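Note sheet for the following structure.
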Amino acid sequence: MVDQRDFDIVIVGGGAIGSAAASLLAKITKTAKGSNQQLKIALIESQLPPVFQANTVDPRVAAITEKTRLIFEKIGVWHHIADKRACAYSAMNVWDAEGTGRITFNSQQVQQPNLGHIIENSVLVSTLIEHVQQQPNIEIFCPANIAHYDVQNDGIILTLDNNIKLSAQLLIAADGANSAVREQFQFATKQWDYGQHAIVTTITTENPNQLAAWQRFMPTGPLAFLPLNNMGDDHCCSIVWSQDTQEAERLMALDDQQFCQQLSKASEYCLGEVLKIQKRFLIPLRQSHATDYVMPRVALIGDAAHSIHPLAGQGANLGFSDGQVLAQEIANAYTRDVDLGDLTVLKRYQRRRKPENLATMAAMEGFKRLFGSQNSTLRLLRNYGLSGVNGLGAIKNKLIKQAMGL
């Protein structure tokens, strides 16, 4: 006997982006025949979710903007995230390794309590999954993979690797940069490899992090120190050190003491000596963008639609905004009894999200090329530019608000 379960929407990818999207969709209601109705949602994830451990700091973090924090507020999970661990940072210091250019952003300049929060991936995912598990109109299939796709005129049927069949009007892909859904449906993408890797780890520094982010731009890539609050210890930071692949591999081969010495020097001792590091991870850096985010019955969100260079930490925030806008368009369709997988509905989501995503990607690419250039004229201009903007309060305040999503 075939085990087929009927849903309105199936989401593939139970990470932070997919879980947040499921949570937003689960809140949608409409009144029909005198009663409130909600969407039925299935969430498919191939791996068990990470477990938050208070005595262990996750090396993978996200720099969450105020705009994204408000999404968490709407879902109803922000206080749970903050209760686990979230480090508010009130300043950001950016400088050019090849000159004297420097700019400092401070939350007080825009009358805000902070610029954003540094939050560990395990905190985000575990909290969002806990919330999803409490929603009566969401069913989780984990661990599970899709073995077969069958797109029909009135819906889509997915067969899982345990032979359970799921039917839905719409399939949402939130399964990351190497999206299996995107590949299955042959979405055209533009991709390029930076020839760089990012070294990610957690460090302990001689001096406190001052609840500030520190970013030094070097020709081979940026180095970022992101503040963490590890049970009251403010000498802790997460780092993202982008380097050309050969140099990144050399740094990974160093022992911990040698790496600490190299890292201290590369940071210009902005927080004194780097005293200790946790396990290091090496992540290849690529940028990709789907030509279209949607087709009939299928929508891409987050890294499945676009992945960018991590130098400004905007990738996760773009993904959460994708989920929010898609949920808004689905809510409009659902309350009007319009087919959720209709291309007209999905294209409204694409039209609203594509310009911001492309603009952010172009800005990150421009920053990388500008600070990676050895041209003496460009080097002079970027140093004058950084220092000049630092002295222009109105322009700097506008940049701060844009970065915060305000």
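Looking only at segment 263-292, filter to residues that are of a type in the set (Val, Ile, Thr) and crowded, with 16+ Cβ neighbours inside 10 Å; which one of those is farthest from the chain's Cα centre (by Cα)? Walk me through how you get there before you give the answer.
First, the residues of segment 263-292 that are of a type in the set (Val, Ile, Thr): 274, 277, 283, 291.
Now narrow it down to the ones that are crowded, with 16+ Cβ neighbours inside 10 Å: 274, 277.
Values: 274: 27, 277: 24 Å.
My answer is 274.
Taking segment 272-302 as the region of interest, how many residues are charged (D, E, K, R), touching a strand residue (DSSP E or B) at 6+ places or on another chain (Cβ under 8 Å) and under 24 Å from residue 171 (Cβ atoms)? First the steps, then the outcome.
To start, the set of residues in segment 272-302 that are charged (D, E, K, R) comprises 273, 276, 279-280, 286, 292, 297.
Now narrow it down to the ones that are touching a strand residue (DSSP E or B) at 6+ places or on another chain (Cβ under 8 Å): 273, 276, 279-280, 286, 297.
Filter again for under 24 Å from residue 171 (Cβ atoms), leaving 297.
Counting residues in segment 272-302 that are charged (D, E, K, R), touching a strand residue (DSSP E or B) at 6+ places or on another chain (Cβ under 8 Å) and under 24 Å from residue 171 (Cβ atoms) gives 1.
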Consider residue 73 against the criteria (1) part of a strand (DSSP E or B); (2) over 30 Å from residue 296 (Cβ atoms); (3) among the acidic types (Asp, Glu): it satisfies all of them except one. Which criterion is unmet?
-> (1)
Exclusive hit being touching a Cys at 6+ places or on another chain (Cβ under 7 Å) and either aromatic (Phe, Trp, Tyr) or part of a loop (DSSP other than H, G, I, E, B) (or both), set 57, 51 = 57
Members of segment 89-105 found to be surrounded by 17 or more Cβ atoms within 10 Å (Cβ to Cβ) and assigned to a strand (DSSP E or B), listed by number = 89, 91, 92, 93, 94, 95, 96, 103, 105
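I need the full set of residues from segment 119-148 which are in contact with a helix residue (DSSP H, G or I) (Cβ under 6 Å, 6 or more places away or on another chain) and part of a strand (DSSP E or B), in order please. If you could, list the steps in order and put the result at the bottom.
Within segment 119-148, the first condition is being in contact with a helix residue (DSSP H, G or I) (Cβ under 6 Å, 6 or more places away or on another chain), and the residues that meet it are 123-125, 127-129, 131-132, 135, 137-138.
Correct list: 138 only.
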Residue 316 meets each of (1) surrounded by 20 or more Cβ atoms within 10 Å (Cβ to Cβ); (2) assigned to a loop (DSSP other than H, G, I, E, B); (3) not polar (S, T, N, Q) with one exception, condition (2)
When both residues are 6+ apart or on different chains and their Cβ atoms are under 7 Å apart, which pairs have a first residue that lies in segment 82-93 and is in contact (Cβ under 8 Å) with a residue 60 or more places away in the chain and over 19 Å from residue 107 (Cα atoms), and a second that is assigned to a strand (DSSP E or B) and of a type in the set (S, T, N, Q)?
-> 85/229
Limited to segment 221-254, what total is found for residues that are of a type outside the set (A, V, I, L, M, F, W, C) and under 21 Å from the mean Cα position of the chain (by Cα)?
-> 7
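Tell me, please, whether a residue that is of a type in the set (D, E, K, R) and surrounded by fewer than 22 Cβ atoms within 10 Å (Cβ to Cβ) can be found in segment 165-172.
Here is the first cut: in segment 165-172, the ones of a type in the set (D, E, K, R) are 165.
Still in the list and also surrounded by fewer than 22 Cβ atoms within 10 Å (Cβ to Cβ): 165.
Yes, the conditions are met somewhere in segment 165-172.
Would you check if residue 158 is in a helix (DSSP H, G or I), buried (at least 16 other Cβ atoms within 10 Å of the Cβ), in contact (Cβ under 8 Å) with a residue 40 or more places away in the chain and of a type in the set (A, V, I, L, M)? Reasoning before the result, please.
On the way: in a helix (DSSP H, G or I): no; buried (at least 16 other Cβ atoms within 10 Å of the Cβ): yes; in contact (Cβ under 8 Å) with a residue 40 or more places away in the chain: yes; of a type in the set (A, V, I, L, M): yes.
No; evaluated as a whole, the condition is false for this residue.
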Filter result (charged (D, E, K, R), in contact with a helix residue (DSSP H, G or I) (Cβ under 7 Å, 6 or more places away or on another chain) and surrounded by fewer than 21 Cβ atoms within 10 Å (Cβ to Cβ)) within segment 173-205 = none
Residue in segment 174-191 that is out of contact with any Ser or Thr (no Cβ under 9 Å at 6 or more places or on another chain), among the charged types (D, E, K, R) and under 16 Å from residue 300 (Cα atoms) present = yes
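Specify which of the listed residues (336, 352) is within 19 Å of the chain's Cα centre (by Cα), of a type in the set (Lys, Arg) and modelled with pLDDT of 60 or more. Steps first, please.
On the way: 336 fails: within 19 Å of the chain's Cα centre (by Cα).
Every option except 352 fails the conditions.
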Close pairs from segment 195-207: first at pLDDT below 95, partner among the charged types (D, E, K, R) and in a strand (DSSP E or B), Cβ under 8 Å, at least 6 apart = 195/244; 196/244
Within segment 28-84, residues being within 24 Å of residue 174 (Cα to Cα), surrounded by fewer than 21 Cβ atoms within 10 Å (Cβ to Cβ) and among the polar types (S, T, N, Q) number 4
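Report, by residue number, each residue of segment 316-331 that is in contact (Cβ under 8 Å) with a residue 60 or more places away in the chain and within 15 Å of the chain's Cα centre (by Cα). Explain how you work it out, then say what you get.
At the first step, the residues of segment 316-331 found to be in contact (Cβ under 8 Å) with a residue 60 or more places away in the chain are 316-317, 319-324, 326-327, 330-331.
The answer is 316, 317, 319, 320, 321, 322, 323, 324.
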Please identify the pairs in which a residue from segment 332-357 that is part of a loop (DSSP other than H, G, I, E, B) has its Cβ atom under 9 Å from the Cβ atom of a residue that is modelled with pLDDT under 95, counting only partners at least 6 apart or on another chain.
-> 336/30; 337/30; 337/32; 339/154; 341/154
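Please work out which residue is farthest from residue 264 (Cα to Cα), limiting yourself to segment 206-220 and to residues that are surrounded by fewer than 16 Cβ atoms within 10 Å (Cβ to Cβ) and polar (S, T, N, Q).
Initial filter on segment 206-220 (surrounded by fewer than 16 Cβ atoms within 10 Å (Cβ to Cβ)): 206-208, 210, 219.
Restricting the remaining residues to those that are polar (S, T, N, Q) gives 207, 210.
On the way: 207: 12, 210: 17 Å.
Residue satisfying both the conditions and the ranking: 210.
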Only one of (1) under 30 Å from residue 41 (Cα atoms); (2) in contact with a strand residue (DSSP E or B) (Cβ under 7 Å, 6 or more places away or on another chain) does not apply to residue 329, and that is (2)
What are the residues in segment 1-28 that are modelled with pLDDT under 95 and not in a loop (DSSP other than H, G, I, E, B), if any?
-> 4
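The values are calculated or read from the model by the stated rules, or taken from the named source; none is laboratory data. Here the structure is a predicted model, which is why all the values come from computation and not from measurement. Note that we place each Cβ from the backbone using ideal geometry, even for glycine, and neighbour counts take in every protein chain shown.
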